[in-house]
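Everything below concerns the one structure shown next.
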Amino acid sequence: AIGSDVIVYPRKDRRLEKNLRTTLAKLDLVIGVSEDICQHMAAYGSCEPICVYLGRDTDCFRRVADKTSVRRKVGIPLNCTTGIYVGHLTSMKGVEDLAEALENVLAMHPEFRMVVVGYGVSGDSLKRVNDKVNNDAVHLVGAVDPSLVPQYLQAADFMVFPSHSEGMPQAIIEAMNC
């Protein structure tokens, strides 16, 4: 278990909570990525969870000496400040909040660019930002092969993380490594 699947969603949906209890009761081994997640799973009556902290391949997720070549490779303009969002495009991840903030930022800084790697039901709110500001300030990359994520992180100037709830945010760890 990584996060919201155990901590957030079962609290909001009794059917999901029941399914989680049933599933955990059938398992011989339960693994969580943080002590908090393991405590939540133990509360559902499963076997004693084991905590295994996630790591990252620092050969892939690392800082690069030449950001210019990485930007060219992934199609990010060289002459602008660029933020990046990596993740599902859903309300829980704060995508609508990001769209609203981008409208304000772009009104003051039209040269700013936002790269969005991921897909989901809230992607339309980001498409509307481009419609309102009449440019391609928000570059919606869509789903990419996981091996390409480090390049996008390396090409950006900073990461945007508007999520409303996270257990152990892998995107933050990956961005910090880059």
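Quick notes
- Residue within region 166-175 that is surrounded by fewer than 13 Cβ atoms within 10 Å (Cβ to Cβ) and either more than 12 Å from GLY87 (Cβ to Cβ) or not aliphatic (A, V, I, L, M) (or both) present: no
- Search result, residues across region 150-169 that are under 14 Å from the mean Cα position of the chain (by Cα), under 23 Å from ASP59 (Cβ atoms) and part of a loop (DSSP other than H, G, I, E, B): MET168, PRO169
- Just so you know, in region 1-37 the residues that are farther than 20 Å from GLU166 by Cβ and among the hydroxyl-bearing types (Ser, Thr, Tyr) include one that is farthest from the chain's Cα centre (by Cα), and it is THR22.
- Residues in region 99-120 that are part of a helix (DSSP H, G or I) and open to solvent by less than 40 Å² (accessible area, probe 1.4 Å): ALA99, LEU102, LEU106.
- The set of residues in region 1-58 being open to solvent by less than 70 Å² (accessible area, probe 1.4 Å), in contact (Cβ under 8 Å) with a residue 40 or more places away in the chain, among the hydroxyl-bearing types (Ser, Thr, Tyr) and in a loop (DSSP other than H, G, I, E, B) consists of SER34 alone.
- Any hit, region 86-98, residues being open to solvent by 40 Å² or more (accessible area, probe 1.4 Å), farther than 22 Å from GLY118 by Cα, assigned to a loop (DSSP other than H, G, I, E, B) and not β-branched (Val, Ile, Thr): no
- One residue from SER125, SER147 being outside any strand (DSSP E or B) and loosely packed, with under 13 Cβ neighbours inside 10 Å: SER147
- Subset of region 128-144 (residues that are open to solvent by less than 30 Å² (accessible area, probe 1.4 Å) and part of a strand (DSSP E or B)): VAL138, GLY142
The values are calculated or read from the model by the stated rules, or taken from the named source; none is laboratory data. None of the values given here were measured: they were computed from a predicted structure. Note that we place each Cβ from the backbone using ideal geometry, even for glycine, and neighbour counts take in every protein chain shown. Side chains are part of the model used for accessible areas, which takes the heavy atoms of the whole protein and leaves out ligands, DNA and RNA. Shrake-Rupley method; radii C 1.70, N 1.55, O 1.52, S 1.80 Å.
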